[in-house]
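Working notes, beginning with the structure itself.
Throughout, read-outs are computed from the coordinates displayed, never taken from laboratory work. Just so it is clear, the model here is predicted, and its values are computed rather than measured. Cβ: placed from backbone, ideal geometry, glycine included. Neighbour counts: every protein chain shown.
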Amino acid sequence: MKAGDPALREFVKYLTAVHELYPGGVPLGALSVQEENICPTFVLHGTLPVKVLFVRTVADPAATPYEHTEGQLLKAIVEKGLKLSTAGVAVLQRTNAMSSVELLREIKESAVSHVIFLGADYLHILEEAGMNKSFGELLTCEQQRFMVTFSLNEILVDKKLKKLFWEHLQLIIPELKE
C-alpha cells in the first residue's frame, strides 16, 4: 500500500473507529508504511490568524470542511449566522486518535480569539485542562474564549437543537464585531 491509496485510507478509518478496542494500539511497523503516510490525527483548514476556530471530530480530517451536508451547514453557520466569510474562520478537523493534550496545545498556539467545539464530548477535554463550564457557555482562558456546543450531526438529526445552537452563537457574535 502507498500513501493516498484508497484501501489504506479505509483501513486507517477502520482503525480510528475501533481504536478504543485496542488500548495498546497497533504498532506502525505492523502497517508497513511510514508514519507520515498514515491519515493525520488532525488537519487545520484555513489560514491563521482568524477570530474563530471551529473544532470538530471527523473520520477523515483531510476532507474539505465545507463539503457534504454537515459541511454545508457549517458554511451557513459561518456566512449567515456569524456573518463572516469561510476564509475568515479556521476549522480544525480531528480524529478521536488526537490526544486532548495535543489538541489544547494546537489551539493555544493558534492564538485564535474564539474556539467553538462542536460536540459535547469536548467538555471532558476542557475539564481535564481544569476549565469547568457548562454546555453552551463561554469560558475565558489566557485571552482565548471557548464554547462547547452541539455537533453538526446532532443539529441535522434533531431540528429542535438548531434553536439552542443559535442561542449559543448569540453569546459570541457581539464579541466578533469588536
**Q.** region 118-164: chymotrypsin sites (Phe, Trp or Tyr not before Pro) in DSSP loop, at most 16 other beta carbons within 10 Å
**A.** PHE135
Q. Which pairs in the list LYS108/LYS159; LYS83/LYS108; LYS80/LYS177; LYS13/LYS162; LYS13/LYS75 are over 23 Å apart, alpha-carbon to alpha-carbon?
A. LYS108/LYS159; LYS83/LYS108; LYS13/LYS162; LYS13/LYS75
Q) Can you list, bin by bin at 10 Å, the percent of alpha carbon pairs in region 42-176, starting at 0? A) 12, 49, 36, 3
Q.
Can you compute the radius of gyration and Dmax for region 99-143, using only the Cα atoms, both in Å?
A. 10.0, 24
